[in-house]
Amino acid sequence: MLKRNLTAAVLVAVALLFILYLRTFYVELTDVLFYVFMAFGAFEMIRVGKKCGYEPFVLPLAVFAVAVYPLFYFFSAAGILFASMIAVLTALATLLFNRNTRSLNDLLFTILILFYPMILCTAFFVINHSAAGLLGIFFVLFVTLLSDAFALFAGMLFGKKKLMEDVSPKKTIAGAVGAYVGGLVGATAVLLLFDVFGVFKNFGNVGIIRLFNEYFISVPVYFALAVVCTTAAIIGDLAASLLKRKTGVKDFGKIFPGHGGVMDRLDSLLFVAPIVALFLTVYAGVAL
């Protein structure tokens with residue numbers, strides 16, 4: 001447990017400092033970090049697929065990885081859709097030309113990897129390039145990671161009744177309640193940093209309550225978003241646990257001590273980031 005918490009603290013601190021440093025030069029440099037996570041996550045999922053007897057198609061995944069950022073850069077969020085369509089068509093063509101040696105299950109696992117984690121990771125591109133980029137990134141990280149930490153402690157202290165024992169034996173209802181407390185604490189911390197204390201006002205970022213003095217986000221809506229994102233984080237964690245149980249692996253990888261692989265850290269973030277990206281685009285009107 002100590003190793004897990006120390007690793008989490010170091011990862012969050014390094015990621016935030018790295019993001020702050022890169023964004024002082026070019027916003028695009030921050031995308032490199034998200035791109036690396038996407039690549040490592042896809043690699044881990046390919047390895048999991050092979051352990052289960054599948055042979056995921058590498059070509060369509062590579063095509064998406066190469067095409068998605070240039071298309072996003074020139075066509076904004078629509079570029080992600082274009083890259084996804086190209087990758088799916090490439091996957092179908094790959095199955096066609098290897099029909100005697102590859103199966104439909106190989107294709108389906110390839111599509112799974114394309115969506116989880118690759119397409120979901122692109123939500124970070126959308127957030128990063130929005131008018132509230134740094135704010136959005138902090139919100140995703142603080143809400144997700146603090147909900148996870150509070151869930152862990154609440155589960156250890158008060159957890160008796162299981163949440164979904166057949167999916168994850170260690171997850172408890174008390175842990176889920178703790179996750180919501182942690183999510184709200186994380187959202188409050190971001191609100192204090194950006195709006196009350198204005199810690200990042202020199203980074204050219206907008207606050208939460210009033211974005212550009214044009215789009216007003218009320219406090220209830222803001223904390224409602226935190227609750228929705230915490231729910232998504234819990235579901236993301238459980239979905240990853242189910243996937244690992246179905247594939248018979250304990251962890252997706254071993255790169256982080258006490259945490260497993262990149263996908264073991266991204267599981268909840270991949271469910272939260274698209275919601276924040278959608279919120280910034282549709283409700284707040286500050287994304288692409």
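The values are calculated or read from the model by the stated rules, or taken from the named source; none is laboratory data. What you are looking at is a predicted structure, and each value in this text was computed from that prediction instead of being measured. As a convention, Cβ positions derive from the backbone with ideal geometry for all residues, glycine included, and neighbour counts pool all protein chains shown.
Considered as a group, the residues in segment 125-154 that are closer than 16 Å to Tyr26 by Cα and among the small types (Gly, Ala, Ser) include one that is surrounded by the fewest Cβ atoms within 10 Å (Cβ to Cβ), and that residue is Ala131.
Of everything in segment 108-161, what is polar (S, T, N, Q) and not in a helix (DSSP H, G or I)? Give them in sequence order.
From segment 108-161, those polar (S, T, N, Q) are 110, 122, 128, 130, 144, 147; that's our starting set.
Result: Thr122, Ser130.
If you go through segment 167-219, how many residues are modelled with pLDDT of 65 or more, surrounded by 18 or more Cβ atoms within 10 Å (Cβ to Cβ) and either among the polar types (S, T, N, Q) or in contact with a strand residue (DSSP E or B) (Cβ under 6 Å, 6 or more places away or on another chain) (or both)? Residues flagged as modelled with pLDDT of 65 or more, surrounded by 18 or more Cβ atoms within 10 Å (Cβ to Cβ) and either among the polar types (S, T, N, Q) or in contact with a strand residue (DSSP E or B) (Cβ under 6 Å, 6 or more places away or on another chain) (or both) within segment 167-219 amount to 2.
Quick check on Ala226: is it aliphatic (A, V, I, L, M), buried (at least 20 other Cβ atoms within 10 Å of the Cβ), assigned to a helix (DSSP H, G or I) and modelled with pLDDT of 95 or more? Here the answer is yes, as Ala226 does meet what is asked. Pairing each residue of segment 38-66 that is β-branched (Val, Ile, Thr) with any residue that is in a loop (DSSP other than H, G, I, E, B) and buried (at least 17 other Cβ atoms within 10 Å of the Cβ), provided the two are 6+ apart or on different chains, yields C-beta distances under 6 Å for Ile46/Pro56; Val48/Val249.
Determine whether Leu96 is surrounded by 15 or more Cβ atoms within 10 Å (Cβ to Cβ) and in a helix (DSSP H, G or I).
no
Please work out if Thr101 is of a type outside the set (Asp, Glu) and in contact with a helix residue (DSSP H, G or I) (Cβ under 8 Å, 6 or more places away or on another chain). Judged against the criteria, Thr101 is not a match.
Which one of these is under 24 Å from Lys244 (Cβ atoms) and touching a residue at least 40 places away in the same chain (Cβ under 8 Å): Ile80, Ile113? Full working, then the answer.
Values: Ile80 fails: under 24 Å from Lys244 (Cβ atoms).
Sole residue among the options that is under 24 Å from Lys244 (Cβ atoms) and touching a residue at least 40 places away in the same chain (Cβ under 8 Å): Ile113.
For segment 55-63, check the following and say yes or no: at least one residue is surrounded by 16 or more Cβ atoms within 10 Å (Cβ to Cβ), not charged (D, E, K, R) and not in a helix (DSSP H, G or I). Yes, that holds for at least one residue.
Among the residues of segment 168-176, are any within 30 Å of Leu17 (Cα to Cα) and in contact (Cβ under 8 Å) with a residue 40 or more places away in the chain? There is at least one residue in segment 168-176 that is within 30 Å of Leu17 (Cα to Cα) and in contact (Cβ under 8 Å) with a residue 40 or more places away in the chain.
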